[in-house]
Amino acid sequence: MIALTLRIAGVVVIGAALATVSDAFLTVDNLLNVLRQAALLFLVASGLTLVVVAGGLDLSIGATVGLSACVVATAVKATDSVAAGVLAGTLAGALVGVLNGTLVAGLRLKPIIATYGMMWILNGATYWYMQGQTIYGFPEGFRAIGSGHWLGVPVPVYLMALALAIGAAFARATVWGHQVYALGANPAAARLSGVPVGARTFLVYALSGAMGGVAGIVYLARLNSAEAGIGDALLLPAIAAVLVGGTSLFGGSGGLVGTLIGATLLTLVLNGMNLLVISSNWQPLVTGGIVLLAATVDAITRRRTGDAG
């Protein structure tokens, strides 16, 4: 609880600092833009959070978003149906998650190896699928998913709230969710206590893939254009949001509320750089630095906890 409070305080401090140095920060348009960007990042990182809690890692999440977005673009153009596009994107992401789950839980490959290989497979498949083409110009009904508003609030924010509510309920109020935490904390003990380790590992990867598909839908609806590589830039920010939110790379601790705070904090940092006209070339450097800092804090905290135990 203290760690969560400190992260919330960090968001408040960064927001106050940006409001001081930039008159544009507190404008309605900018705040809505921050909410929209944080919502997308949370959708990408939400399934990844469960994977990391379970002691795994999904390096293919950005590529999953990209492939799903391209599949959605094709489906919407071919059928002129928003429902068909949403179904195609979600299924495409879930299929990737199932493949990752099979590699990790079934073949027992190391998560970093399995998902790193899957990332390159998906990138290659997406470039082959798109054949260098760009698909653009989607119906307004579809675009509303990513860029529309309801009661003055961006639609992606409602999707984020729905995903947070369902995900938090699953993680904290169901037996399966408790088993995921037990798996991440101590896989051997979890197995001895009757937790179906393979099934729960498979589940979190499938969920991560499905959420990658959902994020691909929202991302495409916002950009109104799909091309190969569309999701590549989302991997590092998603990992940063999870780690900054307090989910341990060692598994067994963390959660979606923390990831939401991490996504908001990271979005504020990048938004501040834009407002201060700092070159976008610096953004990957800053994001990478945040990842390393969060991972270092996690490692030190875990080491001290172990020493104290």
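The values are calculated or read from the model by the stated rules, or taken from the named source; none is laboratory data. As the structure is a computational prediction, the values presented were derived from the model and not from experiment. Positions of Cβ are generated from backbone atoms using ideal geometry, with glycine treated the same way; all protein chains shown enter the neighbour counts. Ligands, DNA and RNA are excluded from the accessible area calculation, which covers all protein heavy atoms including side chains. Shrake-Rupley method; radii C 1.70, N 1.55, O 1.52, S 1.80 Å.
Key figures
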| item | result |
| --- | --- |
| Heavy-atom surface of region 89-221, accessible at 1.4 Å and reported per residue (Å²) | 50 |
| Solvent exposure, largest accessible area first (probe 1.4 Å, DNA, RNA and ligands not counted), of TYR127, TYR136, TYR181, TYR158 | TYR136, TYR127, TYR158, TYR181 |
| ALA189-TRP150 FRET efficiency (beta carbon distance; Förster radius 41 Å; 0.05 resolution) | 0.35 |
| Spacing of the two label points (7 Å from each Cα toward its C-beta) at ALA295 and LEU275, in nm | 3.0 |
| Reference-scaled alpha-carbon Rg (2.2 N^0.38 Å with N residues) for the chain | 0.98 |
| Calculated [θ] (222 nm, deg cm²/dmol) that DSSP helices of n ≥ 4 give over the chain, each run adding -39,500 (n - 2.57) | -25500 deg cm²/dmol |
| Ranked by how many other beta carbons lie within 10 Å on average, peptides 185-197, 83-95, 63-75, 224-236 from highest | 63-75, 83-95, 224-236, 185-197 |
| Cα Rg, Dmax (largest Cα-Cα span) when computed across region 18-163, Å | 17.6, 54 |
| Chymotrypsin sites (Phe, Trp or Tyr not before Pro) restricted to region 195-277 and DSSP loop, no more than 10 other C-beta within 10 Å | none |
| Carbon and sulfur %, accessible surface of the chain computed with the full protein complex present, 1.4 Å | 70 |
| Simple label model, 7 Å out from Cα along Cβ direction - THR134 to VAL98, nm | 3.4 |
